[in-house]
1. I need a count of the residues in the range A:449-477 that are in contact with a Phe, Trp or Tyr (Cβ under 8 Å, 6 or more places away or on another chain) and at the interface with chain B (Cβ under 9 Å from one of its Cβ atoms).
2. Considering only residues that are among the aliphatic types (A, V, I, L, M), surrounded by fewer than 20 Cβ atoms within 10 Å (Cβ to Cβ) and within 18 Å of A:Thr627 (Cα to Cα), which ones fall in the range A:665-680?
3. State which residue is nearest to the other protein chains (Cβ to nearest Cβ) when the search covers only the range A:417-434 and only residues that are of a type outside the set (A, V, I, L, M, F, W, C) and more than 22 Å from B:Lys265 (Cβ to Cβ).
4. Counting only residues that are out of contact with any Gly (no Cβ under 7 Å at 6 or more places or on another chain) and β-branched (Val, Ile, Thr), give me the helices (runs of 4 or more DSSP H) lying completely in the range A:631-703 with at least 2 of them.
5. Would you mind finding the one in B:Ala178, B:Ala188, B:Ala212, B:Ala160 that is over 25 Å from B:Phe112 (Cα atoms) and either touching a strand residue (DSSP E or B) at 6+ places or on another chain (Cβ under 6 Å) or crowded, with 23+ Cβ neighbours inside 10 Å (or both)?
6. Determine, yes or no, whether A:Ala423 is farther than 29 Å from A:Ala649 by Cβ and surrounded by 20 or more Cβ atoms within 10 Å (Cβ to Cβ).
7. Of all helices (runs of 4 or more DSSP H) completely enclosed by the range B:239-337, which ones contain at least 3 residues that are more than 12 Å from chain A (Cβ to nearest Cβ), more than 18 Å from B:Leu209 (Cβ to Cβ) and of a type in the set (A, V, I, L, M, F, W, C)?
Amino acid sequence: MPAPTPPAARRGLFARLWDRIRTTRLWVKWTVSAVVLGLVAGGAIGVLGWRKLEQRQRGEQTSEQWARFEKAVKAGDEGEMRAALDAVFALSADPICDRYRETLDTGIAPSDDPRLCLLSTTLHARHGRWPDAAREATKRLVLHPDDWNARCVVALAAVSAGDLATARAEVERLPDPADAPVSPMGLVLAFDLFCATGRDTTPIRRFVNDVVVDVLGSVGVEKDPPSVKIDLVQCYLIGFAGPSGEPLPVRLGRAAAAVGKLADDAAASDDPVLLTRLGTACNRLFTAYDRLHRGGQITEEQRVGFVLEHQARTTRVWQRVKELSPKTSAAYHGLALVELRARRSDAAITEVRAGLDACGNAPPLLALYSMLLKSTNRITDALRTLATAADADPNNLNLLLLLAELALDAPRRDVADVALRRAAVIAPADLRVIRIDLRLKLESGDSHAALQRLRDLGDAVILSEPLLARVYGRTLTDAGLGVLLPGWLKKVEEKAAATGSPLVLASAVRGLADGHFDSETAPPALAVIDRALARWPIDADCLVARAAFLARWAENGRPRWEPARTREAAFALERLRGLAPDDPVAATALARVRLFGLNEPAQSLKDVGPLLDLREREGLLTADQLTLLGAVLLANEKIEPAMAALEAAHKLAPDSATTCLHLARVYHACGENIRGRELVAAARRLPRTPQDDADLLALPATLRENP
Amino acid sequence: MTRFALPILLFAAPIFAQTKPTTPPPEVEQALEALKANKVTEALDKLASAAKTNTQLPPPKVQLAQWLFQMGNGPAARTFIEQALAEDPKHPEGYLLNANFAFGEGRMTDAFLSLRLALDLTADPRWDADQKKRFAREARSGLVEVCFTRGDFAAAKEYALELLNADPKSGATRARLATVVFRQDKPAEAEKEYTQAFADDPTLDPPELQLAGQWQLRATSEADPAKKSAATDKTEEWLKKAVSAHPKNPKPAREYGLWLLSAGKLNAAGPYIDAAHALDPNGKETAVARAVWLLNKKDATAAEPILEGVYKDSPADLNALSLLCLCLSESSDDKKKKRAVELADTLVRQNPKGAAGYAVLGWCLYKGGRKDDAERALATALNSGQINSDAAYFAARLLVDKQKYEDAHKLLVGATGVKQGMFIYRSDADALLAEVAKKLPEKKEK
């Protein structure tokens, strides 16, 4: 029998499928093919589309995170910066995030990345690490030489290091702010730099008044972070920094309300560092309102309204700082100033005491405390407080020095001597200790001891410290060794030439104006300072020294108040006022020359504007300032405020013949001749200056009679 | 009041020199020349001839006695004064000169009696008004000095007031009165008198300087340490006032500078010495002060030309000479060291009784390498019992070289223990004391 035929092998699935397809009708084949193709294409498109959508979404999120990063940079929030970078990296794995993180970690940016250089510069600057900030800023300037902020940072670092020559050079390279992209922070930095380097601040002020002030109330500003708003408030204050005689731009008055709103917005921050900056700016805004009122830009009613609102605002800001950072002494200091502004001295004292308890014996608080007690005639209390604090913290040098200085103001030289001896044990070579020691000796009338103390330090040290150079010149004249001045002046000139800085020279000349004035040494001293100004024409220290010296020469030369010399002194002081319009010392000197030397009482009243501001703001003037203010007010027939000022001066300095004489004249103006005569009799028994003697002679006859 | 390194006692000059007529007649000058030529008789004749025509002149033997005294011939002078007094016992001049001699020899009682007699004799009608005035003035001046020296300040004051009565504007007399009053422990009154004296006679030392001098004298003589310290403080206080009040006068600055040097304050002294030099660049005393300061600063090279100049102009200035010797001895030049020895030898010859000269000689010999000779010279100084701090250092240095540390230590402790006193080698002495202290068997405290 033949073998059965094996059954045919079963065909695979795909083969069977293929057979099926092969045998299917054509239209079915086309239809199925079309469907299959459609499905495949749709799937591919779907996947691609999804990916694209995802990419776009990631891109948007990444952009958001970068924006978050930018915002954090602007706000200086490092934590937020890192969080934003992490988010960016999670979204895009962008290797630049590592570079940013590395910059944040090390504070060093790669030189080829200007953005990173900007970041590192900003970080260092915010924390006051100026050498590091300057290093990073210099890298950025290589790539962006017109970067305003970077150049300001380099200049500020130079100022911090005491290198004014470099600072000036950098400042001179800054373009006009109108020609460069500049931020509010940059303007504030630049203004401080201009002041520090003695440069005319007009370009900055002009830009602020013409451009920045208008922006303050704009909608765009509302979106800015608190740090920028605070910068804008500070810019606004720059607008007030011109000479006191110069009319204020109208824009400043119009922007007063907007600035208040900016401050309110900025106060919403939770950053105590930012809030502290805001609080400090707020304290200064009070003066701005006063000036607006004096300039006629706001009415008294408006001023009162602004001030009340601002007091509440400033108090809120500082209270918030206290809540967030209870050991921030600036908060208590700021609140005390607010109280003082409102003429609530006791509340101010309470606030300062609270600050001392919370923050320890912070020197600024102690200094304010002693000033408050001194001005309210409680200097003994102030001394006691400081002495107790010093006993509790015997190695606190700052405390001991404060105590010594207050004791000298009292004057309680015995207390000052003990405090100083203790301070000298802790830090014998500390310049502040030496300064107070010298002051103690000079005020005790022992200029020889002061001279010997200085001689122990040696010429090299004296010539390297402006303060010591100033005192040395004074001690030479007070000690009767004026014959050595030409040699001394020659040394300071050589030092200035060697170092390229006139700072010590200016201080030395200033010292000659402090002490016993010798007309014979005046021409050579003036020649020295004039030579310095020929080389450094806008040096603020030289200008101050020259003005002070001329004023002294005008008053104490022979003849006194010689017209040409007096006019020259007034001119020099006016120039000084242009540089530092709020400086009460310059204001006092100029008012004095105008009142006594030029007999221009009306003009001297304008000059004492800063003193009036200071009195209005804090009520803290020295006895000399109050006396001069009183004399000026009296000369302008403002009897009541004159009496208030002079009585306050008399309380602070009952042994001042000058104060007695002016107060006597005030009483005479009010018809109180008996009191006036008593004061004149007291003045006769006290040591008097040549001006006092002249004033004594000029008194009305009724006052010169025996009481 | 200046305290230099080696105070030399000069031979005492007449304390109250008699006033001479402004233009002596030619015979008087001829008489002096004759006396210098040892022609005593001729001198007497000339003087007698001059006296006939000029009654204002002193008796011839009195004049002769005065000249002999000034020439250092005491015995001859005494002989002639005795003869003069025997010949005319009612002439005040003789007693005045006798008082001068007695004062110079320390015989205060004799001086007092002679002066009293002279004063009483002024009443004699043979004298004209001018002579009476002069005799009375000189007698009273002498009495002030004598009473002052005896410590009878009340009497000194009385005589001084009598002098002022006759001449209220005499600044010198008033200054003397102020000194007397100060010794009566009335410094405030003394200050007033000194101030008035200066107002009457601006050539006097300023009142502040006078007071500083008085306080310094008190500090020197005061035994109680607390009072001594208080007097020293007062001295400095018045020196400072003197400098401040008289900025154009070099003397206060110079004196204060030297005082600071004496106190070992080298740095502090600098400005005052410089100021004195600036005000008085050619003055001898200022130059010497500057040289002393330079020596204290161990800058003998700079001091040398100054001292050479002073010595050249004033070879009799033994103080400058001794400083020059020290200066030259510090030189590295052997010729200068040799010259130092030669000059020191001159110093000793000019004042053989002075211990200071021997001390300087000893040091110059030591620095010149002649240690044995140095030892002998220093021994002479030590034996006198009058050595100063520098001399003590010189001797100690020699003793250290001979390893006699105990003796050296004693000398050095004594020298460095003096807080106020010119001590050019102070820093060297301090260093040597530290070195010696280490070598002693047990520590000794200063």
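The values are calculated or read from the model by the stated rules, or taken from the named source; none is laboratory data. Note that the coordinates shown come from a computational prediction; the quantities given were computed from them, not determined experimentally. Neighbour counts run over all protein chains shown; Cβ positions are idealised from the backbone, glycine included.
1. 3
2. Matches in the range A:665-680: A:Ala669 only.
3. Among them, the one singled out is A:Asp430.
4. Counting at least 2 such residues, we get A:657-669, A:673-685.
5. The conditions single out B:Ala212.
6. For A:Ala423, the condition - farther than 29 Å from A:Ala649 by Cβ and surrounded by 20 or more Cβ atoms within 10 Å (Cβ to Cβ) - is met.
7. Hits in the range B:239-337: B:284-296, B:300-313, B:318-329.
For (1) surrounded by 16 or more Cβ atoms within 10 Å (Cβ to Cβ); (2) not in a loop (DSSP other than H, G, I, E, B), each residue gets a yes or a no:
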position: A:Ala288; (1), (2): yes, yes
position: A:Gly296; (1), (2): no, no
position: A:Val304; (1), (2): no, yes
position: A:Val307; (1), (2): yes, yes
position: A:Thr314; (1), (2): yes, yes
position: A:Val317; (1), (2): yes, yes
position: A:Arg320; (1), (2): yes, yes
position: A:Lys327; (1), (2): no, no
position: A:Gly334; (1), (2): yes, yes
